[in-house]
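Below is one structure; the comments refer to it alone.
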Amino acid sequence: MMGFSISRLHSSVGIIKAAGQWDANTISGTEFTQLEQMSTDGWVALDIQHPANSQFIASIKADVYRHLLSQQAA
């Protein structure tokens, strides 16, 4: 697993900022330690442990994984 930090990513559900660990071999190996979403008032930190955020997290994993793969290839 490798650490990552993304300062700004335009995802399918909005603009996010994220940090965590990932495995380049599998999307399921992407884990977040910090996650924020851009709102009209600025960055809003999301509680990654709260069950209500699990669907949001699942919806951005593919975007984050693709971004990390593209950065690795660059």
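The values are calculated or read from the model by the stated rules, or taken from the named source; none is laboratory data. Keep in mind the model is a prediction, meaning the values are calculated, not measured. Just the protein is used for accessible areas: all its heavy atoms, side chains included, with ligands, DNA and RNA removed. Shrake-Rupley method; radii C 1.70, N 1.55, O 1.52, S 1.80 Å.
Counting only protein heavy atoms and a 1.4 Å probe, tell me what percentage of the stretch 19-74's accessible area is made up of carbon and sulfur.
50 percent
Provide the per-residue ³J(HN,Hα) series for the stretch 15-32, in order, calculated from phi with Karplus coefficients 6.51, -1.76, 1.60 and θ = phi - 60°, each as a whole number of Hz, with x at glycine and proline positions.
Taking θ as phi minus 60°, the curve returns 8, 10, 10, 8, 9, x, 10, 8, 10, 5, 8, 7, 5, 5, x, 8, 10, 9 Hz for the stretch 15-32.
Given H placed on each backbone N at 1.01 Å, which residues far from residue 29 in sequence or on other chains put an amide H within less than 5 Å of it?
Excluding prolines and chain starts, which carry no amide H, the hits are 23.
Against the 2.2 N^0.38 Å scaling, with N counting residues, where does the stretch 17-63 land? I'd like the Cα-based Rg ratio to two decimal places.
Ratio of Rg to 2.2 N^0.38 Å for the stretch 17-63: 1.17.
Relative to the longest principal Cα axis of the chain, at what angle does helix 54-73 sit, 0 to 90 degrees, rounded to 10?
Taking the Cα atoms of the chain, the angle to 54-73 is about 40 degrees.
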